[in-house]
Amino acid sequence: QSLIEGNRLSKVYATATGPLVALDNVSFGIEEGEFISLVGPSGCGKSTLLSILGGLEEKSDGTLVLAGKHHDAPRPDLGMMFQTSVLFSWRTIRENVKLPGIILGLDRKQQAERCDELLDMVGLNGFGDRYPDELSGGMRQRVALARLLAHDPRVLLMDEPFGALDEFTRETMNNELLRIWEKTGKTVVFVTHNVGEAVFLSDRIFVMTPRPGRLEGIIDVDLPRP
Ligand code: ADP
Ligand code: ADP
């Protein structure tokens with residue numbers, strides 16, 4: 001059995017002009033440790049699918065099983081990250097990173113140690129006592145990446161996490177993400193509309209088509225990683 005199994009997932013939004021089918025019968029399996037990209041033009045349902053995986057949106061139909069359990073309540077084994085990350089501006093970087101662990105009731109001392117390790121891992125060593133407003137967009141996404149890893153989720157759900165950054169910073173962040181992924185063995189589902197990025201990052205690419213959003217095909221990427 002796959003770590004994540006979607007079976008005939010559909011999503012219909014109620015809109016002012018009537019029902020809008022954002023996902024139509026999408027089925028797939030994702031194995032533990034895989035790096036998957038969701039690719040397709042704007043509006044094809046990538047964010048919708050990711051939000052359903054993360055429990056932010058309810059599916060209209062179909063089944064979703066995660067690690068053998070039907071996926072209804074919020075799950076601490078999932079972590080999500082978006083294109084722009086909301087950081088608490090009145091809290092230091094360290095406090096921002098520790099927050100999810102504290103909310104989940106994890107050991108505070110352990111979270112503090114882990115926080116410093118994570119800031120190291122994302123290249124923010126020495127920035128723990130700064131405030132978000134003092135950091136560039138790229139550095140804020142590094143904070144968000146550290147925060148994503150803070151409660152050690154098994155699955156990382158990332159919606160164009162570096163899409164708002166300049167090309168150079170984005171490539172740097174993509175390389176760092178791959179390094180972290182290789183080191184931690186996490187399962188990643190990564191949304192992008194950039195095919196080059198998906199090929200660079202992924203084991204497999206799920207290609208989606210718009211209106212209604214369908215899974216058009218799955219591409220196995222068989223390229224050596226840097
Ligand atoms: P993508 O991430 O591929 O750009 P989305 O999942 O954001 O696609 O959107 C898929 C379709 O669903 C689009 O037509 C979009 O307008 C619509 N949609 C997304 N979210 C909502 C919502 N909350 N209410 C109504 N329609 C939505
Ligand atoms: P485009 O179609 O926008 O010219 P490319 O196919 O050259 O794009 O690459 C698109 C994206 O893929 C880059 O912005 C980057 O995110 C990622 N990428 C491609 N090659 C590399 C690389 N060698 N190192 C890091 N990221 C890469």
Distance between modelled label sites at residue 20 and residue 131, nm, 7 Å Cα→Cβ extension: 3.8 nm
Reachable lysines, given that their alpha-carbon falls under 19 Å from the alpha-carbon of residue 59 and they are not under 8 places away in the same chain: 11, 46, 69
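For residue 107 and residue 168, what does the FRET efficiency come to when R0 = 41 Å and r is the distance between their Cβ atoms, rounded to the nearest 0.05?
Values: r = 38 Å, r/R0 = 0.93.
The calculated FRET efficiency here is 0.60.
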Skipping prolines and chain starts, which residues have an amide H placed within reach, meaning under 5 Å, of the one on residue 56, given they are 5 or more residues away or on another chain? none
Average accessible surface area per residue within the chain, 1.4 Å rolling probe, Å²: 49 Å²
GNM on the chain, Cα springs under 10 Å; top mean-square fluctuation among 155, 188, 21 goes to 21
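What number comes out for the charge environment of residue 93, summing +1 per Lys or Arg and -1 per Asp or Glu over other residues with Cβ under 13 Å away? Before the final figure, lay out each step's value.
Numbers: positive: 91, 94, 98, 130, 140, 142, 147; negative: 95, 116, 120, 129, 133, 134.
Spelling it out: positives minus negatives among the neighbours equals +1.
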Residue 63 paired with residue 31, simple spin-label distance in nm, labels 7 Å along Cα-to-beta-carbon: 2.2 nm
List, in order, the whole-Hz ³J(HN,Hα) value for each residue of region 28-38 obtained from phi through the Karplus relation with A = 6.51, B = -1.76, C = 1.60 and θ = phi - 60°; use x for Gly and Pro. 6, x, 10, 8, 4, x, 6, 10, 10, 10, 9
Step through the residues of region 81-96 one at a time and calculate ³J(HN,Hα) from phi using the Karplus curve (6.51 cos²θ - 1.76 cosθ + 1.60, θ = phi - 60°), rounding each to whole Hz and writing x for Gly and Pro. 9, 10, 4, 10, 10, 7, 10, 6, 5, 8, 10, 5, 4, 4, 5, 4
Theoretical ellipticity at 222 nm over the chain - DSSP helices of four or more residues, -39500 (n - 2.57) apiece, nearest 500: -10000 deg cm²/dmol
If I model a spin label as a point 7 Å beyond the Cα along the Cα-Cβ vector, how far apart are those points for residue 182 and residue 90 in nm? 4.3 nm
Taking all protein chains as present, what is the carbon and sulfur share of the accessible area of the chain, in % to the nearest whole number, probe 1.4 Å? 50 percent
Give me the percent relative contact order of the chain, please, defined on Cα pairs under 8 angstrom at least 6 residues apart. 30 percent
Karplus-derived 3J(HN,Hα), 6.51/-1.76/1.60, for each residue of region 161-171, Hz, glycine and proline x: x, 10, x, 8, 8, 5, 3, 5, 5, 4, 5
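The values are calculated or read from the model by the stated rules, or taken from the named source; none is laboratory data. Just so we're clear, the structure is a prediction, and the values are computed from it rather than from any experiment. Note that we place each Cβ from the backbone using ideal geometry, even for glycine, and neighbour counts take in every protein chain shown. Calculation scope for accessible area: heavy atoms of the full protein, side chains included, ligands and nucleic acids excluded. Shrake-Rupley method; radii C 1.70, N 1.55, O 1.52, S 1.80 Å.
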